[in-house]
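The values are calculated or read from the model by the stated rules, or taken from the named source; none is laboratory data. Small disclaimer: the values here were computed from a predicted structure and weren't measured. As a convention, Cβ positions derive from the backbone with ideal geometry for all residues, glycine included, and neighbour counts pool all protein chains shown. Surface areas here come from the heavy atoms of the whole protein model, side chains and all, with no ligands, DNA or RNA. Shrake-Rupley method; radii C 1.70, N 1.55, O 1.52, S 1.80 Å.
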Amino acid sequence: MSDQTVTPEATVTPEAAEAPAPAAVPAVPAMPEVPPGPDASPKPPRRVLRAVARWTAAALAFGVLGTGTAFGIASLERTDVPGLATEDDGRWDYPELSLPALPAGSPRPFSAGNPAEIHHADLRDLLLPAPAGAAPDKKLTGGWISTETFLDAYRQQDRASVAQLLRDAAPRHIAARGWTMPDGTTSRIYLVRFNSTAFASRLLDDLHVGASAGTPLDRTDTTELDGSWSSADNVENVSSFVFAEQAPFGAEHVRQAYTLAGDTVALVVHERAGKRETGRIPFQQTLILQNQLLA
C-alpha cells in the first residue's frame, strides 16, 4: 500500500464561506441522557445479526436507557463523574473549546436539516487540541494522515486485513493528533470520515467492535470493556465503546475507545509505559471533549 496522504476531494476554507460565529463549548458540562445510536443506512444482510449483537451489547454495557442514566448519576460519587470531579483529580488543562465554522448554508451533523448526519466542518478542526504541558507528536500533528499511518495503530499482523477494510469502506480522509504528557501518558486521536453513516458503522462491524475491543491495537494484551465508563459519561447523538487493558498487562497500559458519530469514526488511545495504569479520569475527559466536538 502506498503511503499517500488521504485528503478531502474538495476543501472549503473559512475565508471562502460566510460562516456563523463559532459556538462556545463548555469544558466539561453535565452529561446528557443518551438516545440509542444513530440510525445508519441498511447494511448487507450478512452483517445484520452481528450489528444487532454489537448494539445490544453496547446498550447493556453502557446503560443507554434514560432510566439507567438517571440512576447512574444519582448513585455515583462526585469524583466518579469527570464533569463533576474535583480539581485535584488528575484532569488535564484543556483550552476552551469552540465548534468550528461551517461552509455557508451547511447544517450541523445532527440538526433537523441534516438527516444523513454528515460533518461539513473541516475534519482537522474537529480534533481535540492538546492540553497544557503536552509535548506534540511530530507524526500526528493535527493534519491529514495517510492510511498507512492510521494502520500503525494496529498490530503488525493485523494491518493487512484492516487495510482491506479501509479499501472496502473507502474513507474520504483521515486526520489525527497526538501528544505526550509529563507523566509519560501518550495520547492519540484519529478521526476517519466516510461517505455515509453506513460505511462508518460498517467499519466498526468489520473490526468486531462492540462487546469486545475487536481487532487489537498495537502493544495491547487483554483488553475488556471498561466498567468505569457509564451512561453519565455519554454525549448525545454519538455512541462510544470504551475498553481498558486488564492486569496483568505488558510493558505499557492502554485505554482505548471507538466513537461512532454519523459519518465519522473516532479512535482515542491513551497509553503509558510501566506498571502503573493509564489515568482513568484524563482518558474519560479526553473522550468526552472529543465527542462533544463531533456531536
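Using heavy-atom solvent-accessible surface (probe 1.4 Å) with all chains present, what is the largest-first order of Glu236, Glu117?
On the way: Glu236 85, Glu117 35 Å².
Correct descending sequence by accessible area is Glu236, Glu117.
From largest to smallest, what semi-axes in whole angstrom does the stretch 200-290 give when each is the square root of 5 times an eigenvalue of its alpha carbon gyration tensor?
In descending order, the three semi-axes are 21, 15, 10 Å.
Could you tally the net charge around His120, taking each other residue with its Cβ under 13 Å from the Cβ of His120, Lys/Arg +1 and Asp/Glu -1?
Spelling it out: positives minus negatives among the neighbours equals -1.
Any chance you could look up the accessible area of Ile145 with a 1.4 Å probe, heavy atoms only, rounded to 10 Å²?
Near enough 10 Å² of accessible area.
Once amide H atoms are built 1.01 Å from N in the peptide plane, which residues 5 or more positions from Ala153, or in another chain, come under 5 Å H to H?
Counting only residues 5 or more places away or on other chains, the set is empty.
Pick out, from Leu293, Val235, Leu204, the residue whose Cα sits farthest towards the positive end of the charge dipole of the stretch 155-295, with +1 on the Cβ of Lys and Arg and -1 on the Cβ of Asp and Glu.
Leu293
In terms of solvent-accessible area of protein heavy atoms at a 1.4 angstrom probe, what is the ranking of Asp206, Asp125, highest value first?
Sorted descending by solvent-accessible area, the residues read Asp125, Asp206.
Under 5 Å between amide H atoms, partner at least 5 residues away or on a different chain: which partners does Thr222 have, H built in plane at 1.01 Å?
Residues meeting the criterion, in which the H sits 1.01 Å from N, are Gln246.
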